[in-house]
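Before any comments, here is the structure.
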Amino acid sequence: MNDKVVVVTGGARRVGRAIALLLAKRGARIVINYNKSETEANQLIDIINNKNGETSIAVKADITNPLEVKKMVDTILGHFKTIDILINNAGIYYETPVWEISEKDWDLFMNVNLKGPFLCSQVVGRIMSEKRSGKIINITDSIEISDNTVKSIPYIVSKAGLTMLTKALARVFSPTIHVNAIAPGPVLLPENFSENEKKKAIESRYLRRIGTPHDIANTVIFLIESDYITGEVIHVDGGT
């Protein structure tokens, strides 16, 4: 992993931040993509570069816009000359009761959680195909139909789509590019979760606890270091 160029979309906060920090610790050169979290992105890059030297950068781009994705990739190539690993981590979640789902809600979830990873994979995948190596890891979700998940139907549908996109791209990009996904369970719960909702999330896991972003970052490391896995979805969810 030493000196590998890794792009982490939505990498400034939460799970993306943990992934970026662990990969940087392993010697990777990190690109933090952000859209609105500029302050957090720059603070994270300062932390990484203070430890590793000027090895990493932050690049602003709305991943739902193909022109901005291309501009982001051009910026990365201008700085690092290549891209070795893409972590499609950027995503959104909020509750959308079925009778209140608007077209705007639906399009936003599909654009950020599904279209964005496709656009990034399409552009970066071409670069990886030309050099005949690369790894793409999508952060999806350990989806199960429950009282909680049906409160956000556009979210679970978009993440289910990302799982199928992972399998399709693994086939299309084979044999030179590995494409896999990680499906987290309750790792970082929504900030507006009630104590009762937190309790239900914990009790629904075999391991009876909430996971951590580090659990997801460790699985990213595993997939990067594995050379005989593609088209798979690894559930990191404490058991269901």
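Per the listing VAL157, VAL179, VAL172, VAL187, the residue uniquely among the aliphatic types (A, V, I, L, M), under 26 Å from VAL8 (Cα atoms) and surrounded by fewer than 14 Cβ atoms within 10 Å (Cβ to Cβ) is VAL172. The residues on offer are VAL124, VAL157, VAL172, VAL98, and the sole one that is among the β-branched types (Val, Ile, Thr) and closer than 19 Å to ASP62 by Cα is VAL124. Summed over region 74-128, the residues that are loosely packed, with under 13 Cβ neighbours inside 10 Å and of a type in the set (Val, Ile, Thr) give a count of 1.
Considering only residues of region 134-154 that are part of a helix (DSSP H, G or I) and of a type outside the set (S, T, N, Q), which is surrounded by the fewest Cβ atoms within 10 Å (Cβ to Cβ)?
VAL150
Any residue at all in region 66-82 that is aliphatic (A, V, I, L, M) and not in a helix (DSSP H, G or I)? Spell out the reasoning first.
The initial filter retains those residues of region 66-82 that are aliphatic (A, V, I, L, M), namely 67, 69, 72-73, 76-77.
If we keep only those that are not in a helix (DSSP H, G or I) as well, we get none.
No: zero hits.
So which of ALA160, ALA181 is of a type in the set (A, V, I, L, M, F, W, C) and in a helix (DSSP H, G or I)? Give the derivation first.
Numbers: ALA181 fails: in a helix (DSSP H, G or I).
ALA160 is the lone residue from the list that is of a type in the set (A, V, I, L, M, F, W, C) and in a helix (DSSP H, G or I).
Please verify whether PHE118 is among the aromatic types (Phe, Trp, Tyr) and under 14 Å from the mean Cα position of the chain (by Cα), treating the condition exactly as stated. It is true that PHE118 is among the aromatic types (Phe, Trp, Tyr) and under 14 Å from the mean Cα position of the chain (by Cα).
Within region 93-119, how many residues turn out to be in a helix (DSSP H, G or I) and either in contact with an Asp or Glu (Cβ under 8 Å, 6 or more places away or on another chain) or at pLDDT 95 or above (or both)? Talk me through it step by step, then tell me what you get.
Going residue by residue through region 93-119, those that are in a helix (DSSP H, G or I) are 98-100, 103-119.
Next, only the ones that are either in contact with an Asp or Glu (Cβ under 8 Å, 6 or more places away or on another chain) or at pLDDT 95 or above (or both) stay: 103-119.
Qualifying residue count, region 93-119: 17.
Please work out which residue is surrounded by the most Cβ atoms within 10 Å (Cβ to Cβ), limiting yourself to region 2-43 and to residues that are on the phi > 0 side of the Ramachandran plot and either of a type in the set (Phe, Trp, Tyr) or over 13 Å from the mean Cα position of the chain (by Cα) (or both). Out of the qualifying residues, it is GLY27. Among the residues that make up region 67-88, is at least one of them out of contact with any Pro (no Cβ under 7 Å at 6 or more places or on another chain), closer than 21 Å to PRO190 by Cβ and touching a residue at least 12 places away in the same chain (Cβ under 8 Å)? For region 67-88, residues out of contact with any Pro (no Cβ under 7 Å at 6 or more places or on another chain), closer than 21 Å to PRO190 by Cβ and touching a residue at least 12 places away in the same chain (Cβ under 8 Å): absent. Summed over region 141-161, residues that are closer than 20 Å to ILE221 by Cα and modelled with pLDDT of 95 or more total 0.
Which residue out of ILE234, ILE221, ILE202, ILE210 is among the hydrophobic types (A, V, I, L, M, F, W, C) and farther than 27 Å from ALA12 by Cβ? Even if it seems obvious, please write down each step before you answer.
Details: ILE234 fails: farther than 27 Å from ALA12 by Cβ; ILE221 fails: farther than 27 Å from ALA12 by Cβ; ILE210 fails: farther than 27 Å from ALA12 by Cβ.
When all the criteria are applied, what remains is ILE202.
Within region 200-240, the set of residues being among the small types (Gly, Ala, Ser) and either at pLDDT 95 or above or part of a loop (DSSP other than H, G, I, E, B) (or both) comprises SER204, GLY211, ALA217, SER226, GLY231, GLY238, GLY239.
The values are calculated or read from the model by the stated rules, or taken from the named source; none is laboratory data. Everything numeric here is computed off the predicted structure, so don't read it as measured data. Don't worry about glycine lacking a Cβ; one is built from the backbone with ideal geometry, like all the others, and counts go over all protein chains shown.
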